Amino acid sequence: MATVRNPLEPLSSAVKGIVTLLAALTLAGLLGLFVDGMHLHVLGIGDKSVCVADQSTTMSGGEVPPMEFRPAPGATIQLDAHPSYCTGDPTTAQSLLHTAIQVPPFVFSVGALLLVLLLIRGAEREGLYTTRTAGRLRRLGWWLSAGSVLAAIAESTTEQSLVRSLSRNTDASAVTGLLSWDMPFMAILTGLGVLSFARVMRIGIAMREDLDGTV
């Protein structure tokens, strides 16, 4: 008799492997913060320097920056498509902002992986075509579509706040970040697609239950 293969493979193994690897790297980074001689860091914690690119400003490589885009005392600037500001002696507030920039995308990515993992484990335990599986799929869709927007806004506002502290640009602020964040089109479209698929699943499940009741 032929063995029935898991229909969720290879996605199931891939997600479990990524979650395990991410957990191991995060743990190693946290341990590195407390071990002398190890220069590991997690989400900017443990960095000796702080750098940030002003994504709201575009400049040519040979252009001399105007006064308002020059670095603040103790900071340096590197001109590229977007001016990048750095300091080797960050204040506590700058270090916290540097970490806060990296937290939203990290939380979004980890949350998405965990929701996919819960979806896979639930489907393996209860079956693919169940109301609870469709509900988990719906939660994943909302996380991808709404969570990506919130993460992008949070990252942009903290980034502009850090730019304000490292440059003479008095126009940079959290409000500027609210107006200049990048729309995560792929995550939004993927989330909407997952929501649509979850709705189709719920309709199909309801139709199957009606047929079963009729028979």
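The values are calculated or read from the model by the stated rules, or taken from the named source; none is laboratory data. Keep in mind that what you see is a predicted model, and the values were worked out from it rather than measured. SASA here: full protein model, heavy atoms, side chains in, ligands and nucleic acids out. Shrake-Rupley method; radii C 1.70, N 1.55, O 1.52, S 1.80 Å.
Between the alpha-carbon centres of region 148-176 and region 76-129 there is a gap of 16 Å. Just the protein heavy atoms count here, and of the accessible area of region 110-156 at 1.4 Å, carbon and sulfur take up 67 percent.
Classify region 110-183 as rounded, prolate or oblate from the Cα gyration tensor: take a ≥ b ≥ c as the square roots of its eigenvalues, call it rounded if a/c is under 1.5, otherwise prolate when a/b beats b/c and oblate if not. Here region 110-183 falls in the prolate category. A 1.4 Å probe, protein heavy atoms only, puts the accessible area of H82 near 60 Å².
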